[in-house]
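The values are calculated or read from the model by the stated rules, or taken from the named source; none is laboratory data. Values in this document were obtained by computation on a predicted structure and should not be read as measured data. With ideal geometry, Cβ positions are generated from the backbone for all residues, glycine too; neighbour counts draw on all protein chains shown. When the accessible area is computed, the model is the full protein with side chains, heavy atoms only, and any ligands, DNA or RNA have been set aside. Shrake-Rupley method; radii C 1.70, N 1.55, O 1.52, S 1.80 Å.
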Amino acid sequence: MPELPEVETIKRDLEKIIVGKKITEVCVCNPKVIRYPSPDKFKKGIEGSCVKNVLRKAKVLILELSGGKSLVIHLKMTGQLVYPGNGLKSRVSFKLSDGKQLDFNDQRLFAELRLLDDWRALEFIKNLGPEPFDIGVGQFKQMLSARKTKIKPLLMEQSFISGIGNLYAAESLFRAKIRPDRPAQSLSDQEKAALLDTIKKVLTEAIHYGGSSIDDYVRLSGNPGNYAQYHRVYGRQNKKCLVCGGLIKRVSLGGRGTYFCPKCQK
């Protein structure tokens, strides 16, 4: 699933390309991805609107439209936005005033499109925790102090901290030298500060390289992100650790595959 860096990359690409353009026509090829309202109302509510602004909340994209409505896009596992699109894999295509189209692709139909009067009222949005870039060291220490939950599943809990998923939780914990199965409250104040700093650095670096294309994620251009080559543990089971030379292990933690180095992470 695209995480904060991937969605932020798409958001920045969209800002450069579609802000100020009119959506002249909406072509619905598969209505299953439209969660609200009905496909007919979705189409009629968007056609003729201009894209005023592009926002991101955690892993969700929001296109604010003229007329006061917002198109809320949750890519989930296999959702993609591609511009200019050709319609070949599109579930919904948005034809624009420049004569090109923005394609919404989703192979497994897990993604969600909504047209809302107020995106802030969406229950998922209201339940989001703060993003890492909005958290200070003191706040982070306090957030972890009474939590017995293992640190990696806790970092992935969107109501606790939003935007971090399996990939960047693993990469951040490795670079902070913290085992993913440690109870959050067992971390020292120094480890907590180091972890927050590392999370911010990893996310910033991933955004710089356009995110990680390890499954279905592509940038708006359809090209892959370039951060996967800088992964140090994710997807490297039984390969040598780039720091100590030991073998990277994979275990199941919180129902998710978790990569770590038993020697480097304590």
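Descriptive notes on the structure:
- For region 130-146, a residue qualifies if it is in a helix (DSSP H, G or I) and not hydrophobic (A, V, I, L, M, F, W, C), and the qualifying residues are Pro132, Asp134, Gly138, Gln139, Lys141, Gln142, Ser145.
- Close pairs (6 angstrom Cβ cut-off, 6 or more residues apart or separate chains): among the aromatic types (Phe, Trp, Tyr) in region 105-129, outside any helix (DSSP H, G or I) anywhere: Phe110/Lys76; Phe110/Met77; Trp119/Ile62; Trp119/Ser70; Trp119/Val72
- Long-range neighbours under 7 Å by Cβ, at least six apart or interchain, first residue in contact (Cβ under 8 Å) with a residue 12 or more places away in the chain within region 1-25, second hydroxyl-bearing (Ser, Thr, Tyr) and surrounded by fewer than 19 Cβ atoms within 10 Å (Cβ to Cβ): Lys21/Ser97; Lys22/Ser97; Thr24/Ser97
- Every residue from region 147-187 that is over 18 Å from Gln265 (Cα atoms), in contact with a helix residue (DSSP H, G or I) (Cβ under 6 Å, 6 or more places away or on another chain), open to solvent by 20 Å² or more (accessible area, probe 1.4 Å) and touching a residue at least 40 places away in the same chain (Cβ under 8 Å): Met156
- Options Ser66, Ser70: the member that is at pLDDT 95 or above, more than 17 Å from Asp103 (Cα to Cα) and out of contact with any helix residue (DSSP H, G or I) (no Cβ under 7 Å at 6 or more places or on another chain): Ser66
- Region 219-261, residues that are free of Cβ contacts under 8 Å to residues at least 60 places away in the same chain, surrounded by 13 or more Cβ atoms within 10 Å (Cβ to Cβ), assigned to a loop (DSSP other than H, G, I, E, B) and not basic (Lys, Arg): Pro224, Asn226, Gly235, Gln237, Cys241, Leu242, Val243, Ile248
- Residue under evaluation Ile125, criteria (1) under 27 Å from Val251 (Cα atoms); (2) touching a helix residue (DSSP H, G or I) at 6+ places or on another chain (Cβ under 9 Å); (3) part of a helix (DSSP H, G or I), criterion not met: (1)
- Restricted to region 171-218, and to residues there that are closer than 30 Å to Asp103 by Cβ, of a type in the set (S, T, N, Q) and part of a loop (DSSP other than H, G, I, E, B), the residue that is modelled with the highest pLDDT is Ser212.
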